[in-house]
1. Under a crude label model (7 Å from the Cα following the beta-carbon direction), how far is Gln20 from Ile93 in nanometres?
2. Hey, fewest Cβ within 10 Å first, where do Ile39, Ile93 land in order?
3. In nm, what is the difference between 0.36 nm times the number of residues separating Thr103 and Leu139 and their Cα-Cα distance?
4. Would you order Glu107, Glu59 from fewest to most other beta-carbon atoms within 10 Å of each residue's own beta-carbon?
5. I need Tyr48, Tyr61 ordered by Cβ neighbour count within 10 Å, fewest first.
6. Which pairs in the list Lys37/Lys135; Lys54/Lys124; Lys101/Lys131; Lys43/Lys135; Lys37/Lys148; Lys54/Lys131 are over 22 Å apart, alpha-carbon to alpha-carbon?
Amino acid sequence: MWLFIKAVLIVISFLPTDAQVVPILQILKGQRVVWAKAIFDGKFTMTYVHSVEKTPVYEFYKIDRDGYLHLYEARYSSYGAGLPSEPEEGFRIENNQLVLKITRKFEKIPLRVSHLDGHGILFKDGVIMFKDIAKENELIILRAVVLKIPKCLSKGE
């Protein structure tokens, strides 16, 4: 599978620059892709319940054109252990939640599946809970690949 992905990425690198970009979010166990979804607007939200505070945390991401996972905002309802307490690029309170503006980019995000319910990813058109694809405390890795489809091959051309 990994060899196939490398071959596709090599072919993609030779495509015309006027290509439609299709961001794909993947979840891996080791080197094996166990889940993937095309996210056409590139946006998703990782959600989890803070293990001490027992309150939900939402991290907002966008897959950029280079395939990086760009964390641009976090929302949470309490100052708990491990949660930011200093403003990074901007900080406000909205609907009783603390909203923190952030700029961090990741090639991949390794994480362990929480024993608490509510650990997953929210999309415009659905949700995937990590417990549905991995065992509690199992290591999974989030990463993105970006497919570039020549406009002459995309819909409407």
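Only the coordinates and a few stated rules stand behind these numbers; no lab work does. Keep in mind that what you see is a predicted model, and the values were worked out from it rather than measured. Note: ideal-geometry Cβ built from the backbone for every residue, glycine included; neighbour counts use all protein chains shown.
1. 4.5 nm
2. On the way: Ile39 20, Ile93 9.
Arranged by neighbour count, lowest to highest, Ile39, Ile93 become Ile93, Ile39.
3. Numbers: separation 36, 0.36 × 36 = 12.96 nm, distance 2.48 nm.
Between Thr103 and Leu139, full extension yields an extra 10.5 nm.
4. Numbers: Glu107 10, Glu59 21.
Listed from fewest to most nearby Cβ atoms, that is Glu107, Glu59.
5. Details: Tyr48 18, Tyr61 25.
Ascending number of Cβ neighbours within 10 Å: Tyr48, Tyr61.
6. Values: Lys37/Lys135 20 Å; Lys54/Lys124 25 Å; Lys101/Lys131 28 Å; Lys43/Lys135 25 Å; Lys37/Lys148 15 Å; Lys54/Lys131 18 Å.
Among Lys37/Lys135; Lys54/Lys124; Lys101/Lys131; Lys43/Lys135; Lys37/Lys148; Lys54/Lys131, the Cα-Cα distance tops 22 Å for Lys54/Lys124; Lys101/Lys131; Lys43/Lys135.
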